[in-house]
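Report on one structure; see the data block that follows.
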Amino acid sequence: MGTRSVLRTTLLALPMLAVTAAVFAGGGLPAAPARLAALALIYAAFNAAFILTVHTGKTDRWRAPVYISCAFLFAVSFLGNLLELSSAPGYTADFLFKDGASICHIALPMLLLPAAITRTLLWPGSVSGSYASAASVLVAWLGASLALGRGWCSWGCFFGGFEDGFSRILPVPVIKDPPKWLLNLPLALLIMFTLLSAATLFPAYCVALCPFKTVTELPAGSSPGELVRVGIYLSVFLSMVVALPLLLKRRAQCSFLCPLGALQTGANFIDPFAVKVDAGACVRCGACVKACPAFAMTEESLALGRAGRACMTCGKCADVCPAGAVYFHVKGTPADSGRELARVLFLYPAFLFLAAFAGGTCVDGAARLINLFAGRLF
């Protein structure tokens, strides 16, 4: 049985090894030693996680280290690039409004209505032909939404890796039952900031509230307005990305604040995958309810035999279920057949998207760290 399991894992891993090699190598291998070493390291880490996920039957256990690392390496890469940009001639301190700025996927849905009305991209980046252009991010977002639904939030949005990491530090939650009305707040923010952006032709959420400015482009605080923005970004980051995930052991920013998360919840209705619960096997222990980082597993959803609409398909509920009652499912197929096949069919697009969307940034961040530890500056 052991030999057959290893052979099965090997056969399933070979296509992933080949495709991710093409994804990471791109047009060719880099000449710089640090970047070549970083590419090999990230390629090995992604594929080791995939192989272990397939072989052990555990999804979140191996997804989480890669996903959390992507968040850290993204910050290193972004800040490194920003430092290089700041030394270029003609640089202005407010990077947000500098031509060619990389578009942020969190802001993307709130820019669609203004773009439809005015045919103008509010973000000061390019529509196409550059890194993280509006067109490339839009295509990636739409593709991931169609394939993974809100799985985008656990397999693509590297920002979520920060709170995912903080949520795993304490052994048990300090706060167990936050007010349920908070779960409706992201939808309200999505509507409000979409309309506000359309009315003002200004990326309002990014400037007014986004906590991730703290790990990307925190203003210098050289004016009263910038000081206010610094205070807002730091306060929201420390409360929603650090403190509440620590205390709740849940992804608080994704559940209570992120407007893109609200939109991705709707995408769960169109993607081909779902997380189901076998009512006959379920022992009602509540392990999945306690573990779910997005509050998608509830007593009500268990009674319905599935995860709730906010499910991020991270796989944590299936990992902790002692009875094996929680499983991945391909919509439209019989619930009691092909469960492991359904899981593998989900894992392939999930890991491939994570590699394609975050792999290049991870390689750049790792190369910068290698150079730093080798005694060189960014």
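The values are calculated or read from the model by the stated rules, or taken from the named source; none is laboratory data. Just so it is clear, the structure is predicted and the values come from calculations on it, not from any experiment. So basically every Cβ, Gly included, is an ideal-geometry build from the backbone, and we count neighbours across all protein chains shown.
For residues that are polar (S, T, N, Q), touching a residue at least 12 places away in the same chain (Cβ under 8 Å) and farther than 23 Å from residue 334 by Cβ, scanning just segment 264-307, find the one that is surrounded by the most Cβ atoms within 10 Å (Cβ to Cβ). Out of the qualifying residues, it is 264.
Only one of these is touching a Lys or Arg at 6+ places or on another chain (Cβ under 7 Å), at pLDDT 95 or above and of a type in the set (A, V, I, L, M): 240, 312. Name it.
Details: 240 fails: touching a Lys or Arg at 6+ places or on another chain (Cβ under 7 Å).
312 is the lone residue from the list that is touching a Lys or Arg at 6+ places or on another chain (Cβ under 7 Å), at pLDDT 95 or above and of a type in the set (A, V, I, L, M).
Considering segment 329-348, and only residues there that are charged (D, E, K, R) and either assigned to a loop (DSSP other than H, G, I, E, B) or under 17 Å from residue 306 (Cβ atoms) (or both), the residue that is farthest from the chain's Cα centre (by Cα) turns out to be 336. Of the residues making up segment 22-44, those that are small (Gly, Ala, Ser) and in a helix (DSSP H, G or I) are 22, 25, 34, 37, 38, 40, 44. Here is the figure for segment 196-231: residues that are touching a residue at least 40 places away in the same chain (Cβ under 8 Å), β-branched (Val, Ile, Thr) and closer than 15 Å to residue 78 by Cβ total 2. Is it true that some residue in segment 274-285 is closer than 16 Å to residue 186 by Cα and either out of contact with any Leu (no Cβ under 6 Å at 6 or more places or on another chain) or of a type in the set (Val, Ile, Thr) (or both)? No - not one qualifying residue is present in segment 274-285. For residue 227, the criteria (1) surrounded by fewer than 24 Cβ atoms within 10 Å (Cβ to Cβ); (2) more than 19 Å from the chain's Cα centre (by Cα); (3) farther than 22 Å from residue 207 by Cβ hold in every case but one, which is (3).
Which helices (runs of 4 or more DSSP H) sit wholly inside segment 238-305 and have at least 1 residues that are of a type in the set (Ser, Thr, Tyr) and out of contact with any Ser or Thr (no Cβ under 7 Å at 6 or more places or on another chain)?
Working: elements: 244-248, 252-256, 259-267, 287-291, 299-304.
Of the helices (runs of 4 or more DSSP H) lying wholly inside segment 238-305, those with at least 1 residues that are of a type in the set (Ser, Thr, Tyr) and out of contact with any Ser or Thr (no Cβ under 7 Å at 6 or more places or on another chain) span 252-256, 259-267, 299-304.
Looking only at segment 1-11, count every residue that is part of a helix (DSSP H, G or I), modelled with pLDDT under 90 and either exposed (fewer than 10 other Cβ atoms within 10 Å of the Cβ) or not β-branched (Val, Ile, Thr) (or both) and tell me the total. So the count comes out to 6. It is to be established whether one or more residues within segment 193-202 are of a type in the set (Val, Ile, Thr), in a helix (DSSP H, G or I) and buried (at least 20 other Cβ atoms within 10 Å of the Cβ). The answer is yes; a qualifying residue exists.
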